[in-house]
Each structure stands twice: as C-alpha cells, then as structure tokens.
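Enquirer: Attaching a single structure in structure tokens format; questions to follow.
Just so you know, all these numbers are worked out from the coordinates, no wet-lab data involved. Source: prediction; values computed, not measured. Cβ placement follows ideal geometry from the backbone for every residue including glycine, while neighbour counts extend to all protein chains displayed.
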Amino acid sequence: MAENKKMLRALAGEVLDVPPIWMMRQAGRYLPEYRATREQAGDFLSLCYNSDLAAEVTLQPIRRYGFDAAILFADILLVPQALGADLWFVTGEGPRLSTITTQAEFDALKPAADIHETLSPIYETLRILTGALPADTTLIGFAGAPWTVATYMIAGRGTPDQGPAHALKDQNRTVFDALMARITEATIDYLSMQIEAGAEVVKIFDSWAGSLKGDDFEKYAVAPCRQITAALKARHPSIPVIGFPREAGEAYVGFARATGVDCVALDNSVDPVWAAANVQVDGCVQGNLASSHMVTGGQALVDDTRAILRAFAGGPHIFNLGHGITPDADPDNVQRMIDTVRKG
Ligand code: CP3
C-alpha cells in the first residue's frame, strides 16, 4: 500500500521527481466549504469534537485540490483541555485557557492516562478518514510539542514572546518541569492512539521553539521531541515522525539526528539553499514557501515555488508552506502553487 503513497516514500528517504504536497491549515477559513461546515457545527471546538464534520472538513481540501496528504482536523490545544484546562476561542483574537502557574493549579490537572475520554471523538475522526480517503492520500495525525502547548497553558493565551512561560521556567522550575513532563506523557499516549486509529504519519508542532535559546533549546525542544519520537517508535516501529521546531534557525541543523524524527519541517525564514546543504543532508525536509504568497499570488508565487523545488531537488522533500495558510488567502493561488509543483 505504501508504494503508491508519495508522502510515505519521501518520508522513507526516496527522492521523487515531483515531491508530495500538502499545506498546513489546508482545511480552514480561506475555503468557503470550510466556513459553511463550521457554521453547521456552531463553533470551532464543536467542529473539532464532531467526528463526522471534522472528517468532512479534513476531506474538503483533498477533494478540491488532490493533495498527497490529509491532516486530521483538530487542534493542539485539545490536549490541555483533556488534561482539565478550560479552553475557549475568542472570535478575532484566538484561544483562551485557564492558567497553570502554581503547584496547586498543576495538581488539579488530570493524569495523562485520563485524556482519552475527552479525545475519543478525535480517534473516531481518524477511523472515518481511514475509510474515506483516496488510496494514494496519506493520513497525518498531530500534536503540539510540549513547550508550545506549555506556553499556552501557562499564559492562558498566545503570546508574542512566550514571556509567561519563560518566567515560570526561570522562577518555578519544579512546576514548569512537572507541566512539561505531564504534557509529554499525554502527547505520547494521544499520538499513539491516533496511530492505532489510522494516522500513518505524525507531526509534532513546536510553533514557539524559536524563543528557546542555547541550552533551553536542547532541554525543552530537542529532548521532549526525542522522548516522544522514541516512545512512539517503540510502540509503532514503522511510524514516520515529522518535527517542526518553527523558527529554530541555526538549530535546525542536526535536529533530525538529535531527535530521531524522519523529517524536519522548515519555516520560511530559512533559505532553502542553505537548508538543503545543512538540514536535508540528514534526511527528508518539508517546506517552505511563505504563506503570504497564497494571499498575493502572481509571478512571485511561481518563482519562489520553483526556487524551493530546485533547492531541494537533490534529496527527499515534501512541498509545503512555511506556516499555516491564512484566512485571507485566495483559493486560486493554492491551485497555482500545486500546478507549479506538479507541472513545472
Ligand atoms: O493544519 C490543519 O489543517 C489541521 C488542523 C490544525 C488546526 N490547528 C486547526 C485550526 C492544526 C494542525 C493546528 C495546529 C495549531 N493550533 C498550532 C500549531 C501550528 C501553528 O499554527 O503554529 C497552534 C499554535 C494552534 C493553536 C491555535 N488554534 C490558535 C493560535 C488558533 C487561533 C488562530 C487562528 O488562526 O484563528 C487556533 C484556531 C484554529 N485551529 C483554526 C483552525 C482551522 C481556526 C479556527 C476557526 O475556524 O475559527
């Protein structure tokens, strides 16, 4: 079965004439069909927990564009919610959570083993997708990396510099380390269940890895990713893992070797020619077109797409954006990117 899945072939290290392509946030507000289904569900979280509708929005970009991979429709913040944090979304602003900054607040969290009751609809979404996807489309599961999830749990919201999480790390290392360990354990169990439900690849999103400097990058980005990857591969030896330490910069170098991931996803602050020489030497890379091209389109989109294809042509590569597509993107620009990748 794996032979006709380009995504799995690239992850296994094969160099393909035309790389597989999918897009972060490919099911999202830039698509009218997504907005309609989200309306039907009521709100974003209700959509995440409605297995039939979550499967439907996962399939929408596959039907429209024929991407090589489908990513489970869910959110990295469902894990904090399953651990007992309150979670809600403020329209136009983003997520809000109850905060964890004291030992007492940490002690009120549920054990990692108790997350599955909340998360069982997510596993059901994957089971539905396993029967509904085209035979050549790979199903991706995902979770947030412990540091990124912790930044939201500590601050109770997204933050420009992850200040509250850095403050807790520096001022109350006991609670910070306990929180990181709890998230890590929950993430291993969550991803393991996703694999059992049909995920063929898992991706670990460390969106805020870029704010971890020096030793902190090793301790809180590399080590948890290594621990999660090793535990998953012990339980599911053939599962490929994609790591995304966003804005890691120079620290992308050696990340695959240090963590054991099969593929490193690159954000678009990284020059593809540099990344080919310094990151792709260790295996598959994913990326890294600026998502702003999906808004602006034109010849620049085509030129940058071609430059990325050229830079990564000598090794295993999965074409993607450097970060999620934004709600103001034009669906026609997505088609133009795909045509450039597939037809030159
Ligand atoms: O990529 C996909 O299509 C799969 C689904 C997915 C979502 N979020 C759906 C979503 C994935 C993989 C995520 C990951 C995620 N969620 C990350 C890591 C990746 C990244 O973007 O850096 C983070 C940090 C989150 C947390 C989160 N969820 C934020 C900060 C927001 C609000 C910002 C925004 O774009 O509105 C969300 C909401 C969210 N998650 C939406 C979607 C489609 C928009 C919700 C809506 O429909 O209103």
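Enquirer: Using Cα positions and a limit of under 27 Å, work out the lysines in reach of Lys169, with same-chain residues fewer than 8 apart set aside.
Expert: Partners found: Lys110, Lys203, Lys213, Lys219.
Enquirer: Could you state, as a whole-number percent, how many of the C-alpha pairs of the range 1-89 are farther apart than 18 Å?
Expert: 53 percent
Enquirer: Mind pulling the angle between the C-alpha long axis of helix 173-196 and the longest principal axis of the chain? Nearest 10 degrees, somewhere in 0 to 90.
Expert: Taking the Cα atoms of the chain, the angle to 173-196 is about 50 degrees.
Enquirer: Okay, next question. Rounded to the nearest 0.05, what FRET efficiency do Ala135 and Arg235 have when you use their Cβ-Cβ distance and R0 = 25 Å?
Expert: 0.45
Enquirer: Let me ask something else. For Cα pairs less than 8 Å apart in space and 6+ apart in sequence, what is the mean separation divided by the residue count of the chain, i.e. the relative contact order in percent?
Expert: Once normalised by length, the contact order is 20 percent.
Enquirer: Hey, any idea what Rg/Rh is for the range 93-231, computing Rh the Kirkwood way over Cα pairs?
Expert: Rg/Rh: 1.00.
Enquirer: Same structure again: Please give the net charge around Ser98, taking every other residue with its beta carbon less than 10 angstrom from that of Ser98, where Lys and Arg add +1 and Asp and Glu add -1.
Expert: -1
Enquirer: Quick one: helix 298-311 against the long Cα principal axis of the chain, what's the angle to the nearest 10°, folded into 0 to 90?
Expert: 80 degrees
Enquirer: Can you give the log10 of the normalised intensity I(q)/I(0) at q = 0.23, 0.28 Å⁻¹, computed with Debye over equal Cα scatterers of the range 131-190?
Expert: -0.90, -1.15
Enquirer: Then there's this: Using a 10 angstrom cutoff on alpha carbons, build the Gaussian network for the chain and name the most mobile of Gly94, Gly141, Gly243.
Expert: Ranking Gly94, Gly141, Gly243 by mean-square fluctuation puts Gly94 first.
Enquirer: Now a separate question. Obtain the nm distance between the two label points defined at Asp177 and Ala113 by a simple spin-label model: each point lies 7 Å from its Cα along the Cα-to-C-beta direction.
Expert: Between Asp177 and Ala113, the label points sit 2.4 nm apart.
Enquirer: If amide hydrogens are placed 1.01 Å from N in the peptide plane, which non-local residues have theirs closer than 5 Å to the one on Ile318?
Expert: For Ile318, whose amide H was placed from the backbone, the distant partners under 5 Å are Val285, Gln286, Gly287.
Enquirer: Next question, about the same structure. For the range 243-344, what log10 I(q)/I(0) values come out of the Debye formula at q = 0.11, 0.15, 0.23, 0.24 1/Å, with one point per alpha carbon and no solvent?
Expert: Here the Debye-derived log intensity ratios amount to -0.31, -0.56, -1.16, -1.24.
Enquirer: Spin-label point model (7 Å from Cα, Cβ direction): what's the Ala307 to Asp332 distance in nm?
Expert: It works out to 2.4 nm between the two label points.
Enquirer: Return the single residue from Gly92, Gly66, Gly297 with maximal mean-square fluctuation; model: Gaussian network over the chain, springs between Cα atoms under 10 Å.
Expert: Gly92
Enquirer: Taking a quarter of the surface of the Cα convex hull of the chain, what do you get in nm²?
Expert: 15.4 nm²
Enquirer: Enumerate the amide H contacts of Asp206 below 5 Å, restricted to partners 5 or more residues apart or on another chain; note that Pro and chain-start residues carry no placed amide H.
Expert: Long-range HN contacts for Asp206: Ala145, Phe244, Arg246.
Enquirer: Can you compute log10 of I(q)/I(0) for the range 42-124 with the Debye formula, treating each Cα as one identical point scatterer, at q = 0.22, 0.25 Å⁻¹?
Expert: Log10 I(q)/I(0), no solvent term: -1.09, -1.22.
Enquirer: Still on this structure: Whole angstrom only: what separates the Cα centroid of the range 33-92 from the Cα centroid of the range 177-222?
Expert: Answer, in whole Å: 20.
Enquirer: For Val295 and Thr91, calculate 0.36 nm times their separation in residues minus their Cα-Cα distance, and state this gained length in nm to one decimal.
Expert: Details: separation 204, 0.36 × 204 = 73.44 nm, distance 2.12 nm.
Extra length available between Val295 and Thr91 comes to 71.3 nm.
Enquirer: Once you wrap a convex hull around the alpha carbon atoms of the range 67-166, what is its projected area averaged over all directions, in nm²?
Expert: 7.9 nm²
Enquirer: Moving to a separate point now. For Lys5, which aspartates and glutamates qualify as cross-link partners when the Cα separation must be under 15 Å and same-chain residues fewer than eight apart are set aside?
Expert: Glu14, Asp17, Asp68, Asp136, Glu200
Enquirer: What is the helix-to-structure angle for 223-235, meaning the angle in degrees between its Cα long axis and the longest Cα principal axis of the chain, kept from 0 to 90 and rounded to the nearest 10?
Expert: That works out to roughly 80 degrees.
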